[in-house]
Each structure stands twice: as C-alpha cells, then as structure tokens.
1. Hey, any hits in the range A:14-22 for a residue that's surrounded by 15 or more Cβ atoms within 10 Å (Cβ to Cβ), within 30 Å of B:Tyr295 (Cα to Cα) and within 11 Å of another protein chain (Cβ to nearest Cβ)?
2. Residue check, B:Leu318 against (1) at the interface with chain A (Cβ under 10 Å from one of its Cβ atoms); (2) closer than 28 Å to A:Leu50 by Cα; (3) buried (at least 24 other Cβ atoms within 10 Å of the Cβ), all met but one. Which one?
3. Kindly indicate the residue of the range B:338-366 that is more than 8 Å from every other protein chain (Cβ to nearest Cβ) and of a type in the set (Phe, Trp, Tyr) and also surrounded by the most Cβ atoms within 10 Å (Cβ to Cβ) among those meeting that condition.
4. In the range A:173-215, what residues are in contact with a strand residue (DSSP E or B) (Cβ under 6 Å, 6 or more places away or on another chain), under 30 Å from A:Gln275 (Cα atoms) and of a type in the set (Val, Ile, Thr)?
5. Touching a helix residue (DSSP H, G or I) at 6+ places or on another chain (Cβ under 7 Å) and surrounded by fewer than 24 Cβ atoms within 10 Å (Cβ to Cβ) - does that describe any residue in the range A:615-623?
6. Take the range A:368-382 and flag every residue that is part of a loop (DSSP other than H, G, I, E, B) and closer than 10 Å to A:Leu430 by Cβ.
7. Does B:Leu226 satisfy the condition of being assigned to a loop (DSSP other than H, G, I, E, B) and modelled with pLDDT under 90?
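The values are calculated or read from the model by the stated rules, or taken from the named source; none is laboratory data. Just so it is clear, the model here is predicted, and its values are computed rather than measured. Here the Cβ is made from the backbone with ideal geometry for all residues, glycine too, and neighbour counts use every protein chain on show.
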Amino acid sequence: MIQGPDDRRAPITPQLAVRVALMGGFALVMFAIIFFRLWFLQVLSGHDFLAKAQQNRVRSIVVQAPRGEILDRNGKQMVKNRATNVVQVDPAELPTNQVVRARMFRRLAFVIGRSRSLHRCVVGEPTHPREVLMVTSLQCEVEQAYFRLPYASVTVKTDASSAVVGYIAERASKFQGVTAPQINLRQYPYKDIAAQVLGYVGEISPTELTWHHFKGVSPATVVGQNGLEYQYDRYLRGKNGAQRISVDALGNANGPALATRNPIPGENLRLSVDQNVEAEGMKALKTGISLAHGNGNPADAGAFVAMDPSSGEIYAMGSYPSFDPDVFAKPISTAHYNQLFGKQANYPQLNRAIQSAYPTGSTFKPITATAALEAGKWAPGETYTDTGTFTDTGGGVRQNAGKASYGTINIVDALRVSSDVFFYNLGRNLNDPRPAGGALQTWARRYGIGRRTGVDLPGETTGTLPSPTWRANRNTIEHTCERKTHKSACGIADGRPWSEGDNENLAVGQGDVGVSPLQLATAYSALANGGRVVTPHIGLQIEDAVGKVVQRFDKPPSRHIALSPAVRAQVMQGLYGAANSPGGTSEQVWKGFPSQYKVFGKTGTAQLGLGRPDQSWYACYVQAGSRSIVVAVTIEKGGFGAEAAAPAARLIVSKWLGVKGKVQAGHSKTL
Amino acid sequence: MSTATTPVPRSIEELAVATERPALRIDVWLAVATLGLIGCSLYVLHGATKNDIPGRPDFYVQRQGLYAGIGLLLAIVLAKIDYSRLRELKFVVFGLLIGSNLLVLAIAGATRGSKRWINLPFFQYQPSEVGKVLLVVALAAFVTDRSRRLHERQTTARVMLLALLPALLVIAQPDLGTGMVFVVVAFAMLYFAGTSWKHLTALAALFVVSVTLVLAAAPAIGVHVLKPYQVQRLTGFLKPSKDPRNQTYQINQSEIAIGSGGKSGRGVAHATQTKLNFLPEHHTDFVFSVVGETYGFMGAAVVLSLYALLIWRALRILTMAKNLYGTLIAGGILAMMMFQVFVNVGMTIGIMPITGVPLPLMSFGGSSMLVTLMAIGLLQSIHIQARIANAGKGRIPLSQG
C-alpha cells in the first residue's frame, strides 16, 4: 500500500490525545446527565408519571339518569322521557382554529343532513354584534347558543340514526368536540298546556351550581329550570351513573368499560292536576279571549286557577300565551328566542296565575264586605241608598259604572248587583290613617292579599296590599329615585299621602292593589270552607316506576281566620245572588247550569287607567260535595268580568263536574 | 511525519504476516454493541408496533430486520476494503451528496410538497440521511488535503462552508436535525485534525450568535428564517407544560411514558402510552421513550450502555487509525453518533429541543439504519487497516485484541 506524504503520521500526537480525552470526558458527562435525569423521572417520580399515564387513558363518561315522569292525578303522563340518540357539540372542546372549526362543522352538517352552504351569522346581541362569521347555519346555531349559555353543550340533532352515531364515534379525531350519546330527552306530550307550570329542563349553569337548591349536583347535569321541574328537581333528577373507559390518544374508546356505575332513575311526581281540566282551562282562556275580541276588547293574555277549597289541591292552573317546551331541545338563536319569548310574544314564559299581580276589580268586594261586617262598620240588613253617585269627605265625586243607581240596598244586594257606590261608602267607613291601615287591610291580609300563598312553584309574586305605610314607602322610593336620576318624576308614586280615596279604591279592588289569580282563588277558598286559608299545592306524592308511593307530601298547613258564620252567610248569600238571582252580575253566565250544584261567583273589572282596556275577572265557588271547586279567571284587556272571564270559568267548572260545557257570556257592565 | 517523504516498500515478511492471518481483525466490542443495539431495536419494535397496522403485527420488525441485514452486508463490504481509497473519490462523493439533495428539493418543488425522500421501487431513499456518511468521507479527505495549513483561518472557513452548503440544502427540505449533524461533523473534524482553539472558539461564538439571530433577533425585525413550528419545537422544551395540546405535547407524553416505566417497566401489555398512541412517532423518533416505558430504568440503562460501548470503541478506533484520514473519518462518525444519541435521548427526557433526529440503530427507518451500519463498517475498516499496518510494523501483536 502506498500512502501520500500528508497522510502518514505518527499514530497519535499529544494534541490528539488531549482532544480525545476531552471528547471522552464530554461523552461521560452527557451520559451522567442522562442517567440522572432518567433516575429522577423513573425512580424518583415514577409514581406520579404512572398516575398521569393512567389519567391519560381513562375517561369518565357520564351516563345520564332518566328523569322521573310527571303524572296528573289520574296517572296521565304530562311529562315523560324518550331515549334517543342525539348529536351534541361541546363548544368548549371545539377546535380553536376558526378554519379547522368551520371545516369540521361543514363535515358535521353533511353527516347529519344539514345545508353546507355559508351564510352571514351574527353572534351576540343583534344591536351589539360581537362577531360576524360566514359559516354554515349549523355552526351559526351552535355559536349563538354558546353565546347565550357558555357552559352548556348544544344538541344539534335528535333521533340520530345508528349510522350517523357510528360514523361520528369512529372518527372522533375528525369531529373534535362532537359526541353522539344516547340520552333521555324530555317530552311534553301536551305541548303548550301547563307549560309554565311544568317548566322545562336544561344543563345546570355555573350560577345554579352554587345554589342550595341544587346542592350535590355535578356540572353538566340536566336539571329543572322552571316550574315543577325546578321545584321537585331533587326527586325527578335521579342520580347519574358513570362509565370509566379506556381511550387512545385520539379519544376513541378502546376495549370494554373498565368500571360502570349504573344511573339511578329519577322518581315520578304525581300531581293534583287533572289534565282534562287543565286542557279545558287553556281552551276556556282562548274562548274568553275571543269573546272579548267580539266585544272589541284587545285581549291578549290571561290566566286561570282551579282548586279544591278545602285542601288547597290545585286541579288546574294555566297562563296564556303559552309555549311548547320542546323548543329548548334544539339550539335556538337569540333572535328566535326573543321572538318566541320576548315582548312581541307577550312573555309566554310568565306564569300569570302566580307571577302577575293585578287589581281585581269587584272580585275584591267579598273581602271588603267581610271587613265591614266583622269590624262592625256595617250591620247585616243595614241599608244604604245608592243614588249612583258618591261624594267622599274631600269632595271627590265617584259614580257607578254606566252611571247606574241601585236605590236602597243592603250588603247582600250590593254584592249581587256589585254596587260601587255602596262599597265606596264602606271604604270610607273603614279608612284608618294608622300606618298599617284599618280593618280592611287587616282582613285583606288575613285572606292572603299581599303575601305569598306558599304554592309549590318557584317565582310566586307577593302582590300588593295598599296601606298608609305602603304608600309612604313608595313615596320614599320615588323621592330617592328623583334625587338620584335628577328626573322630575320616576313614575313610582305621585308623592301624595294616604287618603280616604285610597281606601275607597281598595274597597272595590281598584287602584294600587295587586293580586294574583291564585291569591284570589285562595281567598275565595277561605270564604268557601268557613275560614281556613289553605296553602295551595300541586305536588301530591312521589312514586317509583311501578306507581308505588315513595313519599306522600303532608298536606301543607292552613291558617284559620276568625270568620264568624253570620258574616260568612251574608257574603255567601251575596255571591249566590250574583250568580243566580235576577240582577246578579253573572246570573246570565250560569243560566242552565245543573241546579244540584250551588254556584257562588263574583265578576270583576279592573280599571287600569291611562286609557288602557279593562281587565276581566271572575272568581267563583261551586258547591258539589267532595268535588267542590274554586275557580279564578282573569283575561287581560278582556273588558267586563261577565263578558270574558266568567264564561271561561263556567267551562272549567263544567269540565270538572262532567257537565256539558256551554259558552254563555253575561251582559253585566259592572266593575 | 515529514521524514517519510518517499514510499517505503513493505518487506516480504511484513506482507506475509499480513496475508497469513486473515483471521478476525475487526473490533469485536464494536460488533457486539452494533448487533446488541440492532437486537434491542427489533425486540422493542416487536412489542411497540404490534397494533400499529391492523393484521400485520410484524410489519415494522420485518422491515427493520431486512434493513439491518442489508446494512450489515454493506458494513462487511466496507470493512473489507481499505477506506483510504475513498479519499481519491472525494469529488465524486461530494458531488453525489449535493446532487441527491438538490434532486429532492427539485422533486419537492415540482410536487409542491415537502419531502425528504425519493421514492424508489423498493425503498424510500432519504438523501439527507445517506448524506451524513458521504459528508464524512468527503470532508475528511478535504481536511486531510489541507492538514498542513490547519492554522490558516481560510482552512477553517472553507471546511465549514463545505459542510454548510449541503447542510442548508438539507435544512431547506426541511430537515433541521440532519442539517445540524452536518455542521457538528465538520466542527468535530476540525477539532480532531488539530485546528487551533482560537478558531474553534470563534466558530462556537459564531454559532451562538447565529442561533440568537435566527430565533430571537430576526423574527423581531420580521424576518422568519425558520418556520414557526420549527421555532416552537426548538424552544418548547424550555417551558414544557405551557400548552399540553401543542408541540410540547410530544415532550409531555414522552416524559410521562418514560416516567411511568419506573424501575423495571410496565411490560408490553400495559404500556398504555405506547399502545394507545399517546406517544407520537413511537417507532421512529421516540423509540427511546418506548424503551423507558416498557422496560423501565433497567431497559434504558442497557440501551445506553450499548451506546456508551459504541462511543468508547469509536474513540479508541480514532486513536488507532493508521493515518489522519482514518482519524478524521472516525472522528466525524463519532460526532455524528454522539450528537444523534444525546440529542434524541435528551429530547425524549425533556432536556433537549425536538429536532427530529433518529436514534442510531434503534429508530425504525431504512436510510438511517443503512447509513449507521455503513459508518460502522467504515470504523471497522479503519480498525482492520490499523491492525494490518501495526502488525506490519510489529508494534501490536495481532494476537492481542
């Protein structure tokens, strides 16, 4: 072998030896670092990393517990469940990259058979758009739903076919944030009937999680959001199960479940409500409204309550306009939500039977009569000459409706014909400038005016019972408001002190008084049962799936008021006359009603002033042994009580007693 | 060195001794380390890739076995020839290196993709990988040619530029890790050839400055030399838990895999990080994490010991080489091996950036396997030639070994 001169060298120079030694030392140091790091990772922190590896691969999947059903008093399913496959999107898990996200939604739209074309989509309030996107209608719905409820997953498809479910499950990585679980969908077979009473369900919000009412509920659980679903949620909810499954890096399930905790289904709730009467009540409201329309009154809302006067069991309760709770099963845009539930739709989510307080018109008169008789301000048989005009101490002049005059009448007649002048006089007699007012306030409060009935539904109104103190408080608030906002008037109160006129207004159920239909029905119940103010209630008992009673709710306590039989007899006589005798305000309404049932009823027409149409009221007690019933009906902007509310009440009573319903409007034009 | 200006013909005796004993003159420990690592690779891949391709549990093992077989044949061929002859082919070798990498770029440009390999009927040829050996062979020849002018600044600069040219072609493919191997190889050759510390320090300083420029200064003024994902990968290991879903996800998962292995490993059946694909690239770049998870600290120690053996033998062969060319080839190969082992293992345990450098002999991949075995064949050739030369000189008895 021949080698070039440059290439020949001594085997190793000292310089090379040093450099080789340095390189060897460097290698040793590197190996030492690697070994120390490995020691730290594997031996010292091995357990932590093992736990992390386990955490990595195990996912806990919530198995939704089916909610309990809600049954009417005869066992009809008013709310039930339907097991179905749905496609859900969890917006928090979606790809953050907008391009990837949009592509994913187009893919999903194709899979679930939705349009893939792009539209302009405004996310946020229409007036203050937060974002404007060019996306599929599907993504638009999800983004808008996420804007409204940022914590909840959005159901984009119900009744998904097994092909769709399988397609999505097998491609978890292509559908990030999309799941296709089997869930129990809440079903409301009677749609808008009793919708506000039954309420609806939805995923628990972060705020709700902190509430005592939802103690122990874990996030993402579906809970009752309103009505009975909310009130009895603890029984209906059940307990979600869990499944621990092994997943791979793409989130696909790998092998069978590691552990399963079966869900505990919710229990059924049995109501005192009779679905037939409930449905009839909604129909009756619509009938009353169309009667009002026939009289040229722009009626657009109403409510009714039917209850057992002796126990307080509510047979039916309804509010118009209503809504179909199924709309909450799918994503709903802000605009659509506002359209369905906003001012335009006249707030259908409002349960006007318990959440709205109105002046009641003459339906208040039995309370005034009780107060006057009990306080000795008027005696049974004592007469007063109704000239049609009343001049109060201050010189103010008031008249009966239609300038009628009823001549010399006693208190029973006054109730029958609904003489305002007579009751103005009682109001003046009962006026008391002391802070809490006089006998009228005392008795109204005893009957339950201005205090909650304690019904087992959320959001009940207190109502308003005007008294000198109340007026003083309102004036203070008005003053504070005027000072704060530097306005000349806030419209809360006009600043004048309590006067005799206030009490005269209250005596005939006009002015500032605010009473919900349920409060009125409760007051009439007390009158009917001889002085017990019952606590109205809807929930009767909790049953298991086969109908065995798990828990029966105690009859809520009732409050005794010292209503003397003689006074009660006078008032009841007046109410009987009003519904049966010639000249009675609702006599025409009950014409032809089977005579074995005794009807006691009072019309009312609330004047709202400022040129607004009058509100139609009717409250009645029908004596029918064990099937006795109290019904209160009101129709906003419905005109006179006898014209709209009273015929509706007759329909409801007829249904309850199994009498053929007959629509018969009265002609009484009294307040 | 300078005294031997004329070729000295060997005596008959010397030649007789050289030809008389054709017995095993290879470095046995280097062979043991090589075969041991190939064995480990096949064993680990067998457990780790069982479920990667449904119905073909041995796909990767069979392929890797085939590559190893071909590679070993190549190594034997290279070991048998005298590496010194390659010095004459330096221009051909360097031309091949530049040409093949240009070809890849041209194909990638035509197909508008970023590809590091050329599809051959039976094999995906990755010029950047093969380029490592080609560069070592060619660069060692250039340095040897200039061995007397090593003190000149020009020499240092030229050698570095000769390495930078193919390195930039490779980085453009884009294969940052291999590009860095090229630079390291050149630096190591200068180091072993005896370039002054002043030059070496200057080069190191230049490197630090350019890294700062590329990663910090240039982006600040709006020039992006590296793609954003490359920057993120390079710097991600400094703050690994910032976003587990991003680039650092790989480091996180790798650390979890290695850590969860503990002292003795979780076994193939329970290595969930590998089995359920939490560990990305578990048969290629992150194969050491699989070792850590499945076989624990003990398994990792075995593999690292084999690498230590390999590096030790490479160092030893470097000192034995009969000529400077051999020393430089051995030095280049040593640098390549050390860089790849430390950077790859360091990456899996979270102390080095993610660069996509395969673990020699362990990672699945034909080009990497062939190149590493070719390099080891060259080391063996240097060893054999040194033995022959020394036996001729009578310095080291051939019976020693």
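1. For the range A:14-22, residues surrounded by 15 or more Cβ atoms within 10 Å (Cβ to Cβ), within 30 Å of B:Tyr295 (Cα to Cα) and within 11 Å of another protein chain (Cβ to nearest Cβ): absent.
2. (2)
3. Here the answer is B:Phe364.
4. Matches in the range A:173-215: A:Val197, A:Val201, A:Ile204.
5. So far as the range A:615-623 goes, no, none of its residues is touching a helix residue (DSSP H, G or I) at 6+ places or on another chain (Cβ under 7 Å) and surrounded by fewer than 24 Cβ atoms within 10 Å (Cβ to Cβ).
6. Going residue by residue through the range A:368-382, those that are part of a loop (DSSP other than H, G, I, E, B) are A:375-382.
Residues satisfying the conditions are A:Ala375, A:Lys377, A:Trp378.
7. Answer is yes for this residue.
Residues checked against (1) over 16 Å from the mean Cα position of the chain (by Cα); (2) more than 10 Å from every other protein chain (Cβ to nearest Cβ); (3) not hydrophobic (A, V, I, L, M, F, W, C); (4) not in a helix (DSSP H, G or I):
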| residue | (1), (2), (3), (4) |
| --- | --- |
| B:His282 | yes, yes, yes, yes |
| B:Ser289 | yes, yes, yes, no |
| B:Gly292 | yes, no, yes, no |
| B:Met298 | yes, no, no, no |
| B:Ala301 | yes, no, no, no |
| B:Leu310 | no, yes, no, no |
| B:Gly331 | no, no, yes, no |
| B:Met336 | no, yes, no, no |
